[in-house]
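Here is the structure we will look at.
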Amino acid sequence: MTATPEMLSPRERAALDETTQINSTGMRVTIGFFVVIPLIAVIAAIPVAWGGWLSWLDLILALAFYSVTALGITLGYHRYFTHGSFKTSRGMKIALGIAGSMALQGSLDQWVADHRKHHKYSDEVGDPHSPWRFGTSRKAVAKGLYYSHVGWLFDAENTPIEKYAPDISGDPDLRRMSRWFPAIVVTTLLLPALLGGLITWSWMGALTAFFWASLVRIALVHHITWSINSICHVFGRRPFDSRDLSSNVWWLAIPSFGESWHNLHHIEPTAARHGVLTRQFDASADILRAMELMGLIHDVRWPKPERIVAKLEDPTMARRVRGYRPADRANS
């Protein structure tokens, strides 16, 4: 049964009223192009590699651009710009913004606005990409998984930037970066081809680098990030007592650089580390620790072990919390 306006709570009605009609048909077609073309490249990857059109240079460039752009999302778009998990210099701010923009997940201001609204209404009416949007039956969840993974990108309604990301739109550097997003799109697509062509001094080197380090790399970064929206709100473990259905999916931790320890993230959104239990690999947090030691970032919001223990569903898991000592129990 579809909920009528009279059936919604004031909070739910307010959430629906926040959307703004700003996604034109042309913009949705453009989004579709950048979603579908890289995905086709992934489908073609095996026959292309089998045909001999894959070199060590292609792999190195693809890995390098994957790492830079995926970390641009995890460290920049997500932990820094959206949640303020640390502070840094103007130069590093710009570098993180450009690296995240090169992942082709939209302009910085819109990405931050969408994610902040997701946290405000996580798995409720108003969440931009909840997989539980259509109900809890198998068919509804299957439909919701598709919607939360990629379908929501084609909505005509967008999260209002002026409400959820005024700090981004009000920053001259970041406002300029969002305005020049199309130029960054061209750069992230053509730079691998330029490097491949110059290093091999051949058109074939440029073409294969474009295929692997541009198209395939973009598709992988897209779908790993989108899996946090979809898979990590349906499957996995939930060791912490959260108000939503955010979960931990261990096999996504390596390709997502630690983003898939999603249950803790929804408990402590500003925490710089998401993998707070032992054996939870969080490369993004490890990189932030190294950057802190080098003086590149400061005022890092590391999670406090006693707060983490207090939010565990199973208190016997306290021994697995990083940095937690039995003597801390009196403070938890």
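Numbers for the structure displayed
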| item | result |
| --- | --- |
| T30 paired with W180, simple spin-label distance in nm, labels 7 Å along Cα-to-beta-carbon | 1.7 |
| Long-range HN-HN contacts of F240 with modeled amide H, under 5 Å | E313 |
| Fully extended contour minus Cα-Cα distance, from H298 to I199, at 0.36 nm per residue | 31.9 nm |
| Neighbour-count ranking [beta-carbon atoms within 10 angstrom, fewest first] of V29, V48, V309 | V29, V48, V309 |
| Ranked list, fewest to most other Cβ atoms within 10 Å of each Cβ, for R138, R179, R238 | R138, R179, R238 |
| From phi via Karplus (6.51, -1.76, 1.60), per-residue ³J(HN,Hα) for region 251-256 in Hz, x at Gly/Pro | 6, 8, 5, 6, x, 8 |
| Likely footprinting exposure, I73, I161, I94, I297, fewest C-beta neighbours within 10 Å first | I94, I161, I297, I73 |
| Cα gyration tensor shape of region 235-332, rounded if a/c is under 1.5, else prolate or oblate by comparing a/b with b/c | oblate |
| Region 279-285 - phi-based ³J(HN,Hα) in whole Hz, Karplus 6.51/-1.76/1.60, Gly and Pro as x | 6, 9, 6, 9, 4, 4, 5 |
| Charge tally in the Cβ shell below 15 Å around E292, where Lys, Arg are +1 and Asp, Glu are -1, E292 excluded | +2 |
| Among (1) 15.6; (2) 21.8; (3) 19.5, the entry derived from the coordinates for mean projected area of the Cα convex hull in nm² | (3) |
| About the Cα centre, charge dipole magnitude for region 235-332 (Lys/Arg +1, Asp/Glu -1 at Cβ), debye | 300 |
| Spacing of the two label points (7 Å from each Cα toward its C-beta) at K143 and I287, in nm | 3.8 |
| Phi-based couplings in Hz for region 199-206 (Karplus 6.51, -1.76, 1.60; Gly and Pro marked x) | 5, 8, 6, 8, 5, 5, x, 5 |
| Förster radius 30 Å - calculated FRET efficiency between T136 and W250 (Cβ-Cβ, nearest 0.05) | 0.80 |
| Gain upon complete extension [R325, D241; 0.36 nm per residue less C-alpha separation] | 28.1 nm |
| Electrostatic dipole magnitude of the chain [Cβ: Lys, Arg +1; Asp, Glu -1; Cα centre; debye, to 20] | 620 |
| Estimated inter-spin distance, A49 and E157, nm [label 7 Å along Cα→Cβ] | 4.2 |
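Only the coordinates and a few stated rules stand behind these numbers; no lab work does. Remember, predicted model here, so these are calculated numbers, not experimental data. Positions of Cβ are backbone-derived with ideal geometry, glycine not excepted, and every protein chain shown enters the neighbour counts.
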